[in-house]
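Colleague: Let me give you the structure first, and then I'll get to my questions.
The values are calculated or read from the model by the stated rules, or taken from the named source; none is laboratory data. Quantities reported herein were computed from a predicted structural model and do not represent experimental measurements. Cβ placement follows ideal geometry from the backbone for every residue including glycine, while neighbour counts extend to all protein chains displayed. Just so you know, the surface numbers come from the protein's heavy atoms only, side chains and all, with ligands and any DNA or RNA stripped out. Shrake-Rupley method; radii C 1.70, N 1.55, O 1.52, S 1.80 Å.
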Amino acid sequence: MTMQAARLYAREDLRIEEIPVPTPGAGEVLLRVKASAVCGTDIRMFRNGAKAATPASPLVLGHEVSGVVESVGAGVGGYAPGMAVAVAPNMGCGVCDQCVSGNTQMCPTFRAFGINLPGGFAPYMLVPAAAVSQGNLSPIPEGGDFVSAALVEPLSCVYNAFQRIAIVPGDTVLVIGAGPIGLMHAKVALMAGAARVYMNDLSAERLSLCHRKEPAIIALESQGLKERLADLTHGKGVSVCITAAPSAEAQVLALEVVGLNGRVMFFGGLPEGKSKVALDTNLIHYKQITISGTTRQSLAQYRQTLALVASGRLVVKDLVTTSGPLSELRASFEQVMQGRGLKNVVEFA
């Protein structure tokens, strides 16, 4: 039995081709993929190539995935054919200090679907025994749907950042970056009771799109941004600034616009070779600024986020601007690279 899959061979060499459907061994699960979303990481791997994707061993991309358990291998408990699940992509060795602490995503030898294991841009995906036993498959609660469940992966990364900077009711928040991740940060901040959520981006079109999706967002263009924020906050500055864009300028700006005891989240990583940034450390010192960064998500955070989405407290399906079959994946990549729309999703029957 064969299937169509999107495999990366090398830089800008993505092919949709026929490959065998995997067979689950002992402890493994075969997932029938229902939805797989395009991520900025997919685009970076496509543009730059990836260590795990070579002509000799091409890699099926896709790590924002949901689906139905198709079959299970010997010894699998807790999962049965027909069960609807969302897939947390990162798995650890299970024995190092990070794994034992519950942070399998920080394991020095972590593996991830679509990164160094075959991912979800295919009708079927094999879930290894390590992922099954660690709980990477999360049953979708009542009220959930496959597309929203696929978007839990990036949303739970955002939730990780939210917990780290501890947004509380009454905070004023500036999100720099009007992409899907920036919009997710805004949605989580509003859910937490932020009094005002401002958003800034170089693209007026993207700002307008995010405001239409979440009318509570106050969109601010870059020209005169610092002065405008000073007026809006009566000179106090914002409580929290999140850089949801790969921009050194955004990181510098964040320190300037937060107020006393402000919190800054460097969420968007910078390109290789451009990650050394000159920051005014006196601003950190005299304003008592707390700066943090986060990456990925724990399995607990993934399941907490899935519960929030299924309950309706966080709505993310409205981020999807394009959905279609696997044959349109390359067109979806082009849309993302051109900065058009928000989330693109591949759906399978």
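Colleague: Can you name every residue in the range 310-336 that is touching a Lys or Arg at 6+ places or on another chain (Cβ under 6 Å) and assigned to a helix (DSSP H, G or I)?
Modeller: D318, L319 - these are the residues of the range 310-336 that are touching a Lys or Arg at 6+ places or on another chain (Cβ under 6 Å) and assigned to a helix (DSSP H, G or I).
Colleague: Same structure again: Starting from the range 246-267, keep only residues that are open to solvent by 30 Å² or more (accessible area, probe 1.4 Å), then list their pairs with residues that are assigned to a helix (DSSP H, G or I) and hydrophobic (A, V, I, L, M, F, W, C) whose Cβ atoms are within a distance under 6 Å, requiring at least 6 positions of separation or different chains.
Modeller: That search, which allows pairs on different chains as well, returns R263/I165; F267/A161.
Colleague: Which pairs have Cβ atoms under 8 Å, sit 6 or more apart or on different chains, and link a residue in the range 289-301 that is closer than 22 Å to A254 by Cβ to one that is open to solvent by 20 Å² or more (accessible area, probe 1.4 Å) and of a type in the set (K, R)?
Modeller: Pairs that qualify, where the first residue is closer than 22 Å to A254 by Cβ and the partner is open to solvent by 20 Å² or more (accessible area, probe 1.4 Å) and of a type in the set (K, R), are I289/R263; T290/R263; I291/R263; S292/R164; S292/R263; T294/R164.
Colleague: Residues of the range 14-48 being open to solvent by 20 Å² or more (accessible area, probe 1.4 Å), within 30 Å of A245 (Cα to Cα) and either among the small types (G, A, S) or without any contact (Cβ under 8 Å) to a residue 12 or more places away in the chain (or both), which ones?
Modeller: Answer for the range 14-48, where residues must be open to solvent by 20 Å² or more (accessible area, probe 1.4 Å), within 30 Å of A245 (Cα to Cα) and either among the small types (G, A, S) or without any contact (Cβ under 8 Å) to a residue 12 or more places away in the chain (or both): G40, R44.
Colleague: Any residue at all in the range 195-218 that is of a type in the set (K, R), open to solvent by 10 Å² or more (accessible area, probe 1.4 Å), under 24 Å from Q301 (Cβ atoms) and touching a residue at least 12 places away in the same chain (Cβ under 8 Å)?
Modeller: Looking through the range 195-218, at least one residue is of a type in the set (K, R), open to solvent by 10 Å² or more (accessible area, probe 1.4 Å), under 24 Å from Q301 (Cβ atoms) and touching a residue at least 12 places away in the same chain (Cβ under 8 Å).
Colleague: Could you identify the single residue in M1, M91, M83 that is open to solvent by less than 30 Å² (accessible area, probe 1.4 Å) and not basic (K, R)?
Modeller: Exactly one of M1, M91, M83 is open to solvent by less than 30 Å² (accessible area, probe 1.4 Å) and not basic (K, R), namely M91.
Colleague: Additional query: Quick one: P169 ticks every box in (1) surrounded by fewer than 21 Cβ atoms within 10 Å (Cβ to Cβ); (2) farther than 27 Å from L225 by Cα bar one, so which box is it?
Modeller: (2)
Colleague: Considering each residue of the range 255-295, count those that are assigned to a loop (DSSP other than H, G, I, E, B) and either touching a Lys or Arg at 6+ places or on another chain (Cβ under 7 Å) or not charged (D, E, K, R) (or both), and give that number.
Modeller: Qualifying residue count for the region: 14.
Colleague: Same structure again: Mind listing whichever residues of the range 6-38 are assigned to a loop (DSSP other than H, G, I, E, B), in contact with a strand residue (DSSP E or B) (Cβ under 9 Å, 6 or more places away or on another chain) and acidic (D, E)?
Modeller: The answer is E28, and nothing else.
Colleague: State whether the residues of the range 101-109 include one that is buried (at least 16 other Cβ atoms within 10 Å of the Cβ) and closer than 17 Å to E347 by Cα. I'd like the intermediate steps shown before the answer.
Modeller: Kept after step one, since they are buried (at least 16 other Cβ atoms within 10 Å of the Cβ), are these residues of the range 101-109: 103-107.
Pick out the ones that are also closer than 17 Å to E347 by Cα and you get none.
No, that holds for no residue.
Colleague: Residues being among the charged types (D, E, K, R) and under 27 Å from the mean Cα position of the chain (by Cα): count how many of those fall in the range 211-250. Explain how you work it out, then say what you get.
Modeller: Step one: filter the range 211-250 for residues among the charged types (D, E, K, R), giving 212-214, 221, 226-228, 231, 236, 249.
Add one more test, that the residue is under 27 Å from the mean Cα position of the chain (by Cα), and what stays is 212-214, 221, 249.
Number of matching residues: 5.
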